[in-house]
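J.: Here it is, the structure, as structure tokens.
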Amino acid sequence: MKSKIAYGGFLILSTLFFNISHAQNDSIATVKGFIHAKSLGVSLTHEHIISNFGKRADSTSYYNESRLMEQVVPYLKGLKEMGIHSIFDCTTAYFGRRIDLLEKISNASGVHIITNTGFYGGANDRYIPKFAYRLSPAELAEIWTKEFFDGIEGTSIHPGFIKLAFDSGVPSEIDQKLVEAGILTHLKTGLTLAIHTGENIQAAHLTLKLLNEKGVSPNAWIWVHANKVTDDTILLEMAEKGTWISLDGVKSDNVEAYVLRLLKFKEHDVLHKVLLSHDGNGFPAGGAIRKFDAIPLHLIPALKSRGFNKSEIDQLLIDNPRKAFLPSIKK
């Protein structure tokens, strides 16, 4: 998808060709290259293949790689046998993103892995690089846009979405700046904004305000960890406005609660704005797997038993992820 043109002894990157080809092919970037969005199949939209969340910020890029591969690859192969085709990896730069390892894992497991650009503003901002504080939103957006067009860290691997985060409480200045930069990046790339918002209603309203100010549709925004909100009223309202609602905490012991919640979204005719995942982790700071198999093992059978048909289940796990993440500037 990258076109390099030799001219006058110089190698020129044709981002115009890249962007046109990208749009024409309805493609999305995986760590192994671009695929047609319809090839995503059943997708988990918020997992961590690996991460070092919790470790010191200066050590998040280091893993025991042999043990990691021994643990993660067989697990992902098992997920693929259960029907999972694609996983959106939400580990950002500076808290454990390693695109080289993700590429190896994808090659070995056969699962499509989609990585991200952006910085993580949660965890009391401990994983935000210091230089981000002195840069403007436009300068930050330039860094992330460059990853989209030119590849991450000098590779041919491109991000498939933008990952950002808010802490709890009143949104901090840096968290707001990162979201502003993310919106500018969306306007240049069409990448979707997956923003860790959780139960922070104030942050959700701020995000909607910032999108409106830039003329961007709520359809460009995923409310990550929306399952932590206890009152579904605001989630239903946001879904009706176009926001993607990410219910990404599915576990084997909370399936019934998710079924009841999904029934509510179905009754309000906004099932088409819901994303499902586990927020699992294949190698959490070198520890045991935090499982992400409850959807195929438990939730899908439970939904079938409560009257959800194949079309509705496919909408949740195939159609919605494809529509949510397909790059498109949403004005």
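The values are calculated or read from the model by the stated rules, or taken from the named source; none is laboratory data. The model shown is predicted, which means the values in this text are computed figures rather than measured ones. Because the Cβ atoms are built from the backbone with ideal geometry, glycine has one as well, and the counts that use them run over all protein chains shown.
J.: Would you mind telling me which numbered condition in (1) among the small types (Gly, Ala, Ser); (2) closer than 20 Å to residue 277 by Cα; (3) under 18 Å from the mean Cα position of the chain (by Cα); (4) not in a helix (DSSP H, G or I) residue 93 fails?
T.: Of (1) among the small types (Gly, Ala, Ser); (2) closer than 20 Å to residue 277 by Cα; (3) under 18 Å from the mean Cα position of the chain (by Cα); (4) not in a helix (DSSP H, G or I), only one is false for residue 93: (2).
J.: Collect the residues in the range 184-201 that are buried (at least 24 other Cβ atoms within 10 Å of the Cβ) and part of a helix (DSSP H, G or I), keeping them in residue-number order.
T.: If the condition is that a residue be buried (at least 24 other Cβ atoms within 10 Å of the Cβ) and part of a helix (DSSP H, G or I), then 185, 186, 189 are the ones that fit.
J.: Being loosely packed, with under 15 Cβ neighbours inside 10 Å and closer than 23 Å to residue 222 by Cβ, is that true of even one residue in the range 69-81?
T.: No, there is no match, as no residue in the range 69-81 is loosely packed, with under 15 Cβ neighbours inside 10 Å and closer than 23 Å to residue 222 by Cβ.
J.: Then there's this: Condition first: more than 13 Å from residue 276 (Cα to Cα), aliphatic (A, V, I, L, M) and in contact with a Gly (Cβ under 9 Å, 6 or more places away or on another chain). Now tell me which residues in the range 220-259 satisfy that.
T.: 220, 229
J.: So how many residues does the range 155-183 have that are part of a helix (DSSP H, G or I), buried (at least 21 other Cβ atoms within 10 Å of the Cβ) and not small (Gly, Ala, Ser)? I'd like the intermediate steps shown before the answer.
T.: Residues of the range 155-183 that are part of a helix (DSSP H, G or I), as a first pass: 173-183.
Subsequent filtering for residues that are buried (at least 21 other Cβ atoms within 10 Å of the Cβ) retains 175, 178-179, 181-183.
Filter again for not small (Gly, Ala, Ser), leaving 175, 178-179, 183.
Here the count works out to 4.
J.: Oh, and also: Within the range 254-264, is there a residue that is in contact with a Lys or Arg (Cβ under 8 Å, 6 or more places away or on another chain), of a type in the set (D, E, K, R) and surrounded by fewer than 20 Cβ atoms within 10 Å (Cβ to Cβ)?
T.: no
Table: residues versus (1) surrounded by 14 or more Cβ atoms within 10 Å (Cβ to Cβ); (2) more than 15 Å from residue 45 (Cβ to Cβ); (3) without any contact (Cβ under 8 Å) to a residue 60 or more places away in the chain.
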residue: 277; (1), (2), (3): yes, no, no
residue: 292; (1), (2), (3): yes, no, no
residue: 312; (1), (2), (3): yes, yes, yes
residue: 316; (1), (2), (3): yes, no, yes
residue: 319; (1), (2), (3): yes, no, yes
residue: 328; (1), (2), (3): yes, yes, no
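J.: I need the full set of residues from the range 142-157 which are under 17 Å from residue 186 (Cα atoms) and of a type in the set (Ser, Thr, Tyr), in order please. Write out each step before concluding.
T.: Step one: list which residues in the range 142-157 are under 17 Å from residue 186 (Cα atoms), which gives 142-152.
Correct list: 145 only.
J.: If you don't mind, there's one more thing I want to ask. Residues to consider are 219, 212, 200; find the one that is free of Cβ contacts under 8 Å to residues at least 24 places away in the same chain and among the polar types (S, T, N, Q).
T.: Details: 219 fails: free of Cβ contacts under 8 Å to residues at least 24 places away in the same chain; 200 fails: free of Cβ contacts under 8 Å to residues at least 24 places away in the same chain.
Among 219, 212, 200, only 212 is free of Cβ contacts under 8 Å to residues at least 24 places away in the same chain and among the polar types (S, T, N, Q).
J.: Which of the helices (runs of 4 or more DSSP H) contained wholly in the range 225-331 include at least 3 residues that are at pLDDT 95 or above, over 30 Å from residue 189 (Cβ atoms) and of a type in the set (Lys, Arg)?
T.: On the way: elements: 232-241, 255-267, 300-305, 310-314, 320-325.
Result: 255-267.
J.: I'm trying to understand the selection: among the residues of the range 40-56, which are farther than 23 Å from residue 221 by Cβ and surrounded by fewer than 20 Cβ atoms within 10 Å (Cβ to Cβ)?
T.: Matches in the range 40-56: 41, 54, 55, 56.
J.: In addition: Pull up the range 144-154, narrow it to residues that are out of contact with any Ser or Thr (no Cβ under 6 Å at 6 or more places or on another chain) and not in a loop (DSSP other than H, G, I, E, B), then point me to the one that is nearest to residue 89 (Cα to Cα).
T.: Applying the first criterion (out of contact with any Ser or Thr (no Cβ under 6 Å at 6 or more places or on another chain)) to the range 144-154 yields 146, 150-154.
Restricting the remaining residues to those that are not in a loop (DSSP other than H, G, I, E, B) gives 146, 150, 152-154.
Working: 146: 20, 150: 20, 152: 15, 153: 17, 154: 20 Å.
Restricting to residues being out of contact with any Ser or Thr (no Cβ under 6 Å at 6 or more places or on another chain) and not in a loop (DSSP other than H, G, I, E, B), the top hit is 152.
J.: Hey, could you check the range 279-290 for residues that are surrounded by fewer than 23 Cβ atoms within 10 Å (Cβ to Cβ) and of a type outside the set (A, V, I, L, M) and say which is farthest from residue 66 (Cα to Cα)?
T.: Kept after step one, since they are surrounded by fewer than 23 Cβ atoms within 10 Å (Cβ to Cβ), are these residues of the range 279-290: 279, 284-290.
Narrowing the set further to residues that are of a type outside the set (A, V, I, L, M) leaves 279, 284, 286-287, 290.
Numbers: 279: 24, 284: 15, 286: 11, 287: 14, 290: 19 Å.
The residue in question is 279.
J.: Going through the range 35-80 one residue at a time, which ones are more than 25 Å from residue 314 (Cβ to Cβ) and either of a type in the set (Gly, Ala, Ser) or free of Cβ contacts under 8 Å to residues at least 24 places away in the same chain (or both)?
T.: Result: 51, 54, 56, 57, 58, 59, 61, 62, 66, 70, 74.
J.: For the range 106-131, enumerate the residues that are in a helix (DSSP H, G or I) and either over 21 Å from residue 51 (Cα atoms) or polar (S, T, N, Q) (or both). Break it down into steps so the answer makes sense when it comes.
T.: First, the residues of the range 106-131 that are in a helix (DSSP H, G or I): 106-109, 123-125, 131.
Across the range 106-131, the qualifying residues are 106, 107, 109, 124, 131.
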